[in-house]
Structures are given as structure tokens and as C-alpha cells.
1. So what's the back-of-envelope 222 nm ellipticity for the chain, counting only DSSP H runs of four-plus at -39500 (n - 2.57) apiece and dividing by all residues, rounded to 500?
2. Say a site is exposed when it is one of the GluC sites (Glu not before Pro), sits in a DSSP loop, and has at most 13 other Cβ atoms within 10 Å; what is then the longest site-free stretch of the chain?
3. Taking only Cα atoms and a 10 Å spring cutoff, compute GNM fluctuations for the chain and point out the largest among Thr110, Thr125, Thr60.
4. Just to confirm a number: summing +1 for Lys and Arg and -1 for Asp and Glu over residues other than Leu26 whose beta-carbon lies under 10 angstrom from that of Leu26, what do you get?
5. Give me the net charge of Leu121's neighbourhood, meaning all other residues with Cβ under 11 Å from the Cβ of Leu121; Lys, Arg count +1, Asp, Glu -1.
6. In Å and on Cα atoms, what radius of gyration and Dmax does the chain show?
Amino acid sequence: MKLQVPGKTSNESFVRATVGAFASQLDLSLEEMADIKTAVSEAVTNAIIHGYECQKGVVTVECKIIGEELEIKVIDNGVGIEDVELAMKPLYTSKPDEERSGMGFTVMQTFMDRLVVESALGDGTKITMTKRVANG
């Protein structure tokens, strides 16, 4: 599945519901479904708030099932992340004046089995998250 939406905060819940609908074809527990939706919400919110800095842009979400794994990619073509390692540290935020918690990547890592963040300044960010399905 591939979904492209304008980078507006109002689209976060739509993406969350769409990914949930796609994932529902798997035999997921309610906890697994909630984990996936929460991680997707964090990734999409990061793309909008940090990637596009609330300016115009498109967020692309790609989902696929590979064996017993659900892979989700959230991609923006925004400003990129200067230091991915620093950005992934708990409580780090590049926008402290906006009362951001700095826990987005930590939440994604906690709720998904694998998280890979690829980014380049001026070229955007691609977040790839994988969840192994317990019941396959």
C-alpha cells in the first residue's frame, strides 16, 4: 500500500486509521495494533512538525507484509536531520520552545521491533519500522 497526504497535522489521524486498516489483514492482537498505530502517529507527526516545519509538503507512507512482518515506511522530502544519532536520544528535541517532549523516536523504538532512520539535510527523512506479527 502506498499513501500520500499533504503534510498537515489534520492528516495524522487519517494515516493512522489507514495503516490500521491495512494491518488488520494480519492476525494482530489489540496491543500490537495499538503499538503500530502509535508508532505511525509519531512518525507522521515528526515528518510534519520537523521535516516540513509545518510548511507545505507531502508525507508518503508505504506498507507491506513480508512473511510474518509488517514493514511501514514514512517518508518526507523536508529539511532532513543533521544528526540522526542525537535526534534519536530520549528527550532530545530540536524545538524546545514548542513544548515538544523529544520522545518520538523512543516511542517508535519501543512499540516496533526494528526502526531505521535515514536522513540527509535538505533531502528529507525516511523512517522504516518493522513489526513481527506474533500469530503470523
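1. The per-residue figure over the chain is -9000 deg cm²/dmol.
2. For GluC sites (Glu not before Pro) (loop position, at most 13 other Cβ atoms within 10 Å), the longest site-free span of the chain is 1-52.
3. Thr110
4. -3
5. In short, -3.
6. Cα only, the chain: 14.1, 43 Å (Rg, Dmax).
Coordinate-derived values only; no laboratory data. Note that this is a predicted model, so its numbers are computed, not measured. A quick note on method: Cβ atoms are made from the backbone with ideal geometry, for glycine too, and the neighbour counts reach across all protein chains shown.
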